[in-house]
Amino acid sequence: MRRIRSLLLLCVDGFGLFSAWMCIQMIQKHPVTQPGVFVIGLIVFLSVLVVRMSRLRRSERYTMASFEKKWIIDRSAKKGLRYQDKPGCYVILIYRFPHLLPQTGGYSNVYVGQSLEVYQRIHNHLNRKGNGDVYADVRDGRHVEIEVYPCRKDQLNDLEIKLIRRYRAEEYYNRTAGGGTKRSFFG
């Protein structure tokens, strides 16, 4: 199934690139023989671009303080992150100098992980029940940012590997390249 999806995306991308080429031809005052193909190709290209961009930013972002504040909002109504757990991957970014904005990539340490109950796992890291290095930074008062990437259970390993590569997390707190968690079909 994954190969078919990749092949489809490749075809759609190829069609989108062809339409972009036709657009360049139009801009340069070259005649376009089939404007209908151009319009359809342009629509497909733009929609694929939007989908790809939205997939990059499907994450939720919290500071440590905002995460802990949203952990339990109302216990009786079961409101808060604790009650809406789901599978996903997470990135914990630690900043030695909080004035460096997260967009600058100025983090001093990073940890990437995955869990079937992602909010609970993050909460554990922040409260001494997870990675000891992460908790030491929390205890020492470092500025902590959290990114949560919800996904399906079967996507956890692949997403974790991608995030570890993206953040070069093996150079920091991750000991492996990720993706090593074996999950049964039913569990």
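Summary table below
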{"read-out": "Under 5 Å, built H, 5+ apart or other chain: amide partners of SER108", "value": "ILE94, TYR95, ARG96"}
{"read-out": "Residues of the range 134-157 with amide N under 19 Å of the 7 Å Cα→Cβ point at PHE97", "value": "141-145"}
{"read-out": "Surface/4 of the Cα convex hull for the range 60-171, nm²", "value": "6.9"}
{"read-out": "Environment charge of LYS79, counting only residues whose C-beta is closer than 14 Å and scoring Lys/Arg +1, Asp/Glu -1", "value": "+3"}
{"read-out": "Point-to-point label distance, LYS153-TYR135, nm (Cα→Cβ direction, 7 Å offset)", "value": "2.8"}
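Where a number appears in this text, it was derived from the coordinates with a stated rule and is not lab data. Only a predicted model underlies this, so the values are computations on that prediction, with no experimental measurement involved. Neighbour counts run over all protein chains shown; Cβ positions are idealised from the backbone, glycine included.
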